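Chemist: This is the structure I want to talk about, given as structure tokens.
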Amino acid sequence: MVITRDKVLDWIKRYADLLAENRDYLTQLDAAIGDADHGANMDRGFKAVLSKMPEMADKDIGTILKTVGMTLLATVGGAGGPLYGTLFLQAGMKTTGKMEMTLEDWINALEAGITGVKNRGKAELGDKTMIDALVPAWNALKQAAENGSNLGEALERCARAAEEGMKATIPLVARKGRASYLGERSAGHQDPGATSSYLMLRAAADVWRDA
Amino acid sequence: MVITRDKVLDWIKRYADLLAENRDYLTQLDAAIGDADHGANMDRGFKAVLSKMPEMADKDIGTILKTVGMTLLATVGGAGGPLYGTLFLQAGMKTTGKMEMTLEDWINALEAGITGVKNRGKAELGDKTMIDALVPAWNALKQAAENGSNLGEALERCARAAEEGMKATIPLVARKGRASYLGERSAGHQDPGATSSYLMLRAAADVWRDA
Amino acid sequence: MKKLINKPEDVVREELEGMALAHPDLIRVHFDPNYVVRVDAPVKGKVGVLSGGGSGHEPMHGGFVGIGMLDAACPGAVFTSPTPDQMLEATRAINGGAGVLHIVKNYTGDIMNFEMAADLARAEGIEVESVVIDDDVAVKDSLYTAGRRGVGSTVLAEKLCGAAAEQGRSLKEVADVCRKVKDWGRSMGMALTSCTVPHVGRPTFDLPEDEMEIGIGIHGEPGRTRMKLKPADEIVEMLMEPIINDIPYKAGDEVLLFVNGMGGTPLIELYIVYRKAHQIATKHGLKVVRNLIGSYITSLEMAGTSITLLKMDEDMIKLWDAPVKTPGLRWGM
Amino acid sequence: MKKLINKPEDVVREELEGMALAHPDLIRVHFDPNYVVRVDAPVKGKVGVLSGGGSGHEPMHGGFVGIGMLDAACPGAVFTSPTPDQMLEATRAINGGAGVLHIVKNYTGDIMNFEMAADLARAEGIEVESVVIDDDVAVKDSLYTAGRRGVGSTVLAEKLCGAAAEQGRSLKEVADVCRKVKDWGRSMGMALTSCTVPHVGRPTFDLPEDEMEIGIGIHGEPGRTRMKLKPADEIVEMLMEPIINDIPYKAGDEVLLFVNGMGGTPLIELYIVYRKAHQIATKHGLKVVRNLIGSYITSLEMAGTSITLLKMDEDMIKLWDAPVKTPGLRWGM
Ligand SMILES: Nc1ncnc2c1ncn2[C@@H]1O[C@H](COP(=O)(O)OP(=O)(O)O)[C@@H](O)[C@H]1O
Ligand SMILES: Nc1ncnc2c1ncn2[C@@H]1O[C@H](COP(=O)(O)OP(=O)(O)O)[C@@H](O)[C@H]1O
Ligand SMILES: [Mg+2]
Ligand SMILES: [Mg+2]
Ligand SMILES: [Mg+2]
Ligand SMILES: [Mg+2]
């Protein structure tokens, strides 16, 4: 029950596919309370990541994740670029040299990534950002591991918690990012960044299920 | 059977009313093959003329018509301003000092006005301009007088010929004025200036019928 | 109708009031009759340069009054030629004793009103020359029609003649510069949307979401043809081809390339247009030595663009580079 | 979607290519990563002034690169903050040894990307100061939110800081000028129509024919409130009131009044807006000593306007009047 380097690459590909499929959906969400670019930004970034697949093919997980992070930093822009860039970079730091990850490793890598996002964006739980998907998801993952769930189960719990966190952003009034300019008018809309974060963890659960 | 100074003022008022009523109609005609201002231009000009009614009240027909002409020159602008301005100015020159006009006088005054329009605008019959209403109208007026029609009859013939001339502009391809820029695309639309000229002669027929 | 205006009938007056408040160092605005005049007019011994036309083309013409360009401008009602009394008063106001040039765009109304004004001014002993700009190749030229419309070249003529007058050239010499622009300038425009004349309240023409008009003028009048919307590069080709086919100059000549916005088109698009127009001009061997990119001769809020090509000789390049200080065009001072 | 573009994904590159073709005397355009840089950069011993942001706001920022304003500008994708690598390379390219000022608009994305770039540049030994412009009074300010957006004041900051840098002032002094603009500039905007982001292909928001949005930003984001369309004078009152209520200065102070078009609004309307804005400022005892009227910080083809009020001290007035030569703003040279 380990996540190999190849499985990490599969996850990234799956996430890229999900972002391409959901590009318009994410853009629509961003149009409602932001500036209608989150879908295009993430898709552009992960298309660039896909073009780096050949050079990542024989690398360790840390290098892969750092390459993804650097690529996102240089191609996404907006808020999403530094935030997802930081997430992958920090996760990559935690997995330097590893050719495979245990559930434990993944929990630590994701924690480092989320901490990076928090440090960079200074958002707290309830500010209506990707943090609202990521933090509950990580908690669920950690809880599942402590309860002895296997990798597939833990990842599924994680993805479901991300989904719930994403949906829970709907009634919130945004306090960070572009949606915060809307004040009360931001309530009633799902946060695009929380949605793309859910997709990331959904991809992990689906691809690593049978690791 | 003479047209008194007061009847001339009545005619001008009636024409002003007709222009106000037909403002949108003239504008619509001008929108199709011009720049959508003929209605507003003529209406603005004749509103200004109406505001000069008090000072015209005790004047002779020549002075009245010249005042109308000068007012139109200074307030209408576009092609309509110099053309109608000239028409009234030249008609005024022919009627200097007159407190009433015979049918003969009117024929001469209108002729002078139309000649002024031709000299200024250099349009010929068939160019799809106000000339296409004015010239047949004057011809009909002259013919009716020669045939011994009374004033009312002659004016009615004149107005009807103007109406026919106006309608006959529809199939024409414009060769003068703004509509000429459209080339073949100007065919199929009635000329706004021919329409306002018809209204002018229609007003005369209606108001002077029982002179 | 979505506009930042109060009452339609107040649009021109309030715009002029705004200009007067904004640029007291450069211009004075006279009301009834309306004209915008250089603050230090008449400049003694200098040829006065006057233009005018309907409003709705801002910054043209009022925005080009100042040092090194127009001495005065007469704004008419929206899209309606101004009247002879405005032009006569403005001509008087800028006559510094060296005569006045009237730069007239080729529209029947403008021609006739300026003609009457010039006659009246001459009758008062003011020397007046008139040059009629007729650069729009979208219109078929003919002896028997009103000829071509005056469009983009007018802006360039105003700059070059203003500079020539500022140098102290004679009326004939300034008019000669204008005649060169008349001879060498060619333009063509297109619209993505119609404009809405304020007192009309609805678009002058209806253009479906996937169509455009090629060969439009600057008054919301329909163009030469309507067709399906195309990529910018193809549109630019459609505008440049008739221009290139019509220019009386050839490979190796130096030109000014003017990409103009119609009022509702943002600069980002104009640069995309410029890119292709520059490429096409260069492909034909023309040397683009100067350019102008922006919304200088507009048609209210119409979205669209026009392209103007003007051959430049050495003198014209110097006149173009000469200092100009107006609300709408400024450099060198 | 009615735009003069080719493929949506090529908009920014082709616009930059157009700029490069148009202004080789003023700017160079670097591709991959994209930045626009003053042709003679780095200017030895001069503080470099850098700004950047999403594209779609032209002429800001690339159009303000040249003499007396920005040394470089980093354009992102449409409405998307550029990335740290662009900013880092541009910072290197304009570092003449006296350090580089980053003028940042207060958006989470811009802040984070500029922060990372500044960290990387400092790690290379380049002195960097960053000033964040946050002048949009439509947004409620709070310690717990992202704060106010950066809008119109940015243009003014770029002009004033550029002039200060051109004079040879130190990085701290140039940054101090920027901080004054940050402290004294207040803006508010409104939209008559939405804009359409090219890769989205439909308007960001739907605004019925008789409605408008008050308190919009420059990214097509919805505003503070939506309401029935009103006459221009009332709209200007609605924009000026929150500005006047928020300014940290008072009757007798001298100000610059900036009336900005959002991209689809023609100049004729901006002068009608200026007229009322000037009247209101004057009524409150503010002395309008300088102004700027035109579409300088746009939101693609959005129709609408924003108003910026900036208190000007003697030094700022001199910096404003100093020569500037960029594609988008030019005088004195
Ligand atoms: N300070 C922040 N911390 C964490 N996430 C944030 C922050 N600001 C914005 N976000 C996330 O970024 C998303 C928007 O990303 P994107 O549209 O790519 O950037 P931009 O807002 O610059 O257009 C938001 O939906 C939100 O989830
Ligand atoms: N050269 C001309 N001779 C006679 N009438 C003309 C001429 N040019 C235009 N017209 C008339 O003027 C009318 C348009 O007037 P108007 O709309 O007021 O002026 P503009 O064309 O300047 O907007 C046309 O419908 C036509 O009848
Ligand atoms: Mg966004
Ligand atoms: Mg007309
Ligand atoms: Mg007209
Ligand atoms: Mg964005």
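The values are calculated or read from the model by the stated rules, or taken from the named source; none is laboratory data. A quick note: this is a predicted structure, and the numbers were derived from the prediction, not measured. No Cβ is skipped: glycine too gets one built from the backbone with ideal geometry, and neighbour counts run over all protein chains shown. Calculation scope for accessible area: heavy atoms of the full protein, side chains included, ligands and nucleic acids excluded. Shrake-Rupley method; radii C 1.70, N 1.55, O 1.52, S 1.80 Å.
Chemist: Excluding ligands, DNA and RNA, what is the solvent-accessible area per residue of region C:185-317 at a probe of 1.4 Å, expressed in Å²? Don't skip to the end; give the middle numbers.
Modeler: Details: 3950 Å² over 133 residues.
Counting only protein heavy atoms, the per-residue value for region C:185-317 is 30 Å².
Chemist: Can I ask one more? Which order do C:HIS199, D:HIS278 take when ranked by solvent-accessible area (1.4 Å probe, heavy atoms of all protein chains), largest first? Numbers along the way, then the final one.
Modeler: Values: C:HIS199 60, D:HIS278 30 Å².
My answer, sorted largest first, is C:HIS199, D:HIS278.
Chemist: Could I ask something else about it? Could you work out the longest stretch of chain C that avoids the trypsin sites (Lys or Arg not before Pro) located in DSSP loops with at most 11 other Cβ atoms within 10 Å? Working shown, then result.
Modeler: Details: sites that count: C:LYS44, C:LYS250.
In chain C, the maximal stretch lacking such sites is C:45-249.
Chemist: Considering amide H positions built from the backbone, and no H for Pro or chain starts, which residues 5 or more places from D:SER194, or on another chain, come under 5 Å of its amide H?
Modeler: Correct list: D:LEU207.
Chemist: I'd like the mean, over residues of D:322-333, of how many other protein chain beta carbons sit within 10 Å of each residue's own Cβ. Don't skip to the answer; put the middle values down first.
Modeler: On the way: counts 0, 3, 1, 2, 0, 5, 3, 1, 4, 7, 6, 4.
That average works out to 3.
Chemist: If you don't mind, there's one more thing I want to ask. Determine, for each peptide in D:66-72, B:133-139, the mean count of other beta carbons within 10 angstrom over its residues, then list the peptides with the highest first. Mind showing how you got there, number by number?
Modeler: Numbers: D:66-72: 27.4, B:133-139: 23.9.
The peptides rank, most packed first, as D:66-72, B:133-139.
Chemist: Name the long-range amide H neighbours of C:ALA77: under 5 Å, sequence gap of 5 or more, or other chain; modelled H, no Pro or chain starts.
Modeler: C:SER55
Chemist: Give, ordered by residue number, each residue of region B:151-183 whose 1.4 Å probe accessible area is reduced by a minimum of 20 Å² on adding the remaining protein chains to the chain alone.
Modeler: In region B:151-183, residues shielded by partner chains: B:ARG175, B:LYS176, B:GLY177, B:ARG178, B:SER180, B:TYR181, B:LEU182.
Chemist: Can you work out the Karplus-derived ³J(HN,Hα) for every residue in region D:82-96? Use 6.51 cos²θ - 1.76 cosθ + 1.60 with θ = phi - 60°, whole Hz, and x for glycine or proline.
Modeler: Rounded to whole hertz, the list is x, 10, x, 5, 4, 5, 5, 5, 5, 4, 4, 5, 10, 7, x.
Chemist: Could you check the spin-label model distance between D:GLN167 and A:THR96? Points 7 Å from the Cα along Cα→Cβ, value in nm.
Modeler: Calculated label separation equals 4.8 nm.
Chemist: Would you mind checking region B:119-155 for residues with the amide N under 14 Å from a putative spin-label position 7 Å along Cα→C-beta of B:MET1?
Modeler: Under cut-off, by backbone N: B:141-155.
Chemist: Using a 10 Å cut-off on Cβ to Cβ distances, tally the other chain neighbours for every residue of C:181-193 and report the average as a whole number. Don't jump to the answer; show the numbers that get you there.
Modeler: Values: counts 0, 0, 0, 0, 0, 0, 0, 0, 0, 1, 1, 5, 3.
Whole-number average of other-chain Cβ neighbours for C:181-193 is 1.
Chemist: Is chain C rounded, prolate or oblate when judged by the Cα gyration tensor, a ≥ b ≥ c being the square roots of its eigenvalues, rounded requiring a/c under 1.5 and prolate requiring a/b larger than b/c?
Modeler: Details: a/c = 1.66, a/b = 1.22, b/c = 1.35.
Oblate is the answer for chain C, as a/c is 1.5 or above yet b/c matches or exceeds a/b.
Chemist: Rounded to the nearest 500 deg cm²/dmol, what is the calculated helix-only ellipticity per residue at 222 nm for chain A, with -39500 (n - 2.57) per DSSP H run of length n ≥ 4? Write down the numbers at each step before the final one.
Modeler: Details: 10 runs with 146 residues, N = 211.
Calculated at 222 nm, the ellipticity per residue is -22500 deg cm²/dmol.
Chemist: Oh, and also: May I ask you to report, in nm to one decimal and beginning with the shortest, the distances from B:ASP6 to the same position in the other copies, taking label points 7 Å along Cα-to-Cβ?
Modeler: Here the equivalent label points are 11.0 nm apart from this one.
Chemist: Using a 1.4 angstrom probe with every protein chain in place, what is the largest-first accessible-area order of C:SER194, A:SER51?
Modeler: A:SER51, C:SER194
Chemist: For D:VAL289, go 7 angstrom from Cα along the Cα-to-Cβ vector, then report the distances to that same point in the other copies in nm, smallest first.
Modeler: 4.2
Chemist: Heavy atoms of the protein only, probe of 1.4 Å, neighbouring chains included. What is the accessible area of C:GLU209 in Å², nearest 10?
Modeler: 120
Chemist: What FRET efficiency would be calculated for the residue pair A:ASN139, D:ASP321, taking the C-beta separation as r and a Förster radius of 60 Å, to the nearest 0.05? If you can, show how the numbers build up before the last one.
Modeler: Details: r = 59 Å, r/R0 = 0.99.
Approximately 0.50, to the nearest 0.05.
Chemist: Say a label goes 7 Å from Cα toward Cβ at D:LYS140 in every copy; what distances in nm does this one have to the rest, shortest first?
Modeler: Shortest to longest, the spacings are 6.6 nm.
Chemist: Leaving out ligands, DNA and RNA but keeping every protein chain, what accessible area does D:SER170 have, in Å² rounded to the nearest 10, with a 1.4 Å probe?
Modeler: That residue has around 50 Å² of solvent-accessible surface.
Chemist: According to the square roots a ≥ b ≥ c of the eigenvalues of the Cα gyration tensor, what is the shape class of region D:6-112, taking rounded for a/c under 1.5, prolate for a/b larger than b/c otherwise, and oblate for the remainder? Walk me through the numbers on the way to the answer.
Modeler: Values: a/c = 1.95, a/b = 1.23, b/c = 1.58.
Oblate is the answer for region D:6-112, as a/c is 1.5 or above yet b/c matches or exceeds a/b.
Chemist: Let me know the mean shielding of A:116-127 by other chains, meaning the per-residue number of their Cβ atoms within 10 Å of its Cβ.
Modeler: Other-chain Cβ atoms within 10 Å of each residue's Cβ, averaged: 2.
Chemist: Which value, in square angstrom to the nearest 100, describes the accessible area buried between chains B and C on both sides, using a 1.4 angstrom probe? Can you show the working numbers first?
Modeler: Details: alone 9080 and 13600 Å², together 20120 Å².
Counting protein atoms only, the buried area is about 2600 Å².
Chemist: Near the amide H of C:VAL49, under 5 Å away, which other amide H atoms are found, from residues 5 or more places off or on another chain, if H is placed in the peptide plane?
Modeler: C:ASP71, C:ALA72, C:LEU101
Chemist: Can you name the residue in chain D whose Cβ lies closest to the D-to-C rotation axis, and give that gap in whole Å?
Modeler: D:GLY264, 2
Chemist: If you don't mind, there's one more thing I want to ask. Over region D:91-233, what percent of the accessible surface lies on carbon and sulfur atoms, probe 1.4 Å? Write down the numbers at each step before the final one.
Modeler: Details: 2410 of 4590 Å².
Ligands and nucleic acids excluded, carbon and sulfur give 52 percent.
Chemist: In addition: Rounded to the nearest 500, what is chain C's calculated 222 nm mean residue ellipticity when only DSSP H runs of at least 4 contribute -39500 (n - 2.57) each, over all residues?
Modeler: Details: 8 runs with 107 residues, N = 333.
That calculation yields -10500 deg cm²/dmol at 222 nm.
Chemist: Then there's this: Give me the orientation-averaged projected area of the Cα convex hull of the protein assembly as shown, in nm², one decimal. Display every interim value, and only then the final one.
Modeler: Numbers: hull surface 175.0 nm².
Mean projected area for the protein assembly as shown: 43.7 nm², to one decimal.
Chemist: Residue by residue through region A:110-126, what is 3J(HN,Hα) from phi via Karplus (6.51 cos²θ - 1.76 cosθ + 1.60, θ = phi - 60°)? Round to whole Hz and write x for glycine and proline.
Modeler: 5, 4, 4, x, 5, 4, x, 4, 5, 5, 6, x, 6, 8, 10, 4, x
Chemist: What FRET efficiency would be calculated for the residue pair D:GLU124, C:TYR249, taking the C-beta separation as r and a Förster radius of 56 Å, to the nearest 0.05? All intermediate terms of the calculation are to be shown ahead of the outcome.
Modeler: Values: r = 52 Å, r/R0 = 0.92.
After rounding, the FRET efficiency stands at 0.60.
Chemist: Give me log10 I(q)/I(0) at q = 0.11, 0.16, 0.19 Å⁻¹ for region D:185-319, Debye formula, one equal scatterer per alpha-carbon, no solvent.
Modeler: -0.38, -0.77, -1.03
Chemist: Could you calculate the FRET efficiency of A:ASP24 with D:GLU241 from 1/(1 + (r/R0)^6), where r is the beta carbon distance between them and R0 is 35 Å, rounded to 0.05?
Modeler: Working: r = 39 Å, r/R0 = 1.11.
The computed FRET efficiency comes out at 0.35.
Chemist: In addition: Would you work out the relative contact order for region A:1-71, in percent, from Cα pairs under 8 angstrom that are 6 or more residues apart? Please report the intermediate quantities before stating the final value.
Modeler: On the way: 49 pairs, mean separation 22.6, N = 71.
RCO, region A:1-71: 32 percent.
Chemist: Let a ≥ b ≥ c be the square roots of the eigenvalues of the Cα gyration tensor of region A:1-153; is it rounded (a/c under 1.5), or, if not, prolate (a/b larger than b/c) or oblate? Could you put the intermediate results ahead of the total?
Modeler: Numbers: a/c = 1.70, a/b = 1.20, b/c = 1.41.
Oblate, because a/c is 1.5 or more while a/b does not exceed b/c.
Chemist: Modelling each spin label as a point 7 Å along the Cα-to-Cβ direction, I'd like the D:ASP176/B:LYS47 distance in nm, to one decimal.
Modeler: That separation, rounded to one decimal, is 5.8 nm.
Chemist: Quick one: pull the percent of accessible area on chain A belonging to carbon and sulfur, 1.4 Å probe, ligands and nucleic acids left out. It would help to have the intermediate numbers written out before the result.
Modeler: Details: 3880 of 7790 Å².
In chain A, the share of accessible area belonging to carbon and sulfur is 50 percent.
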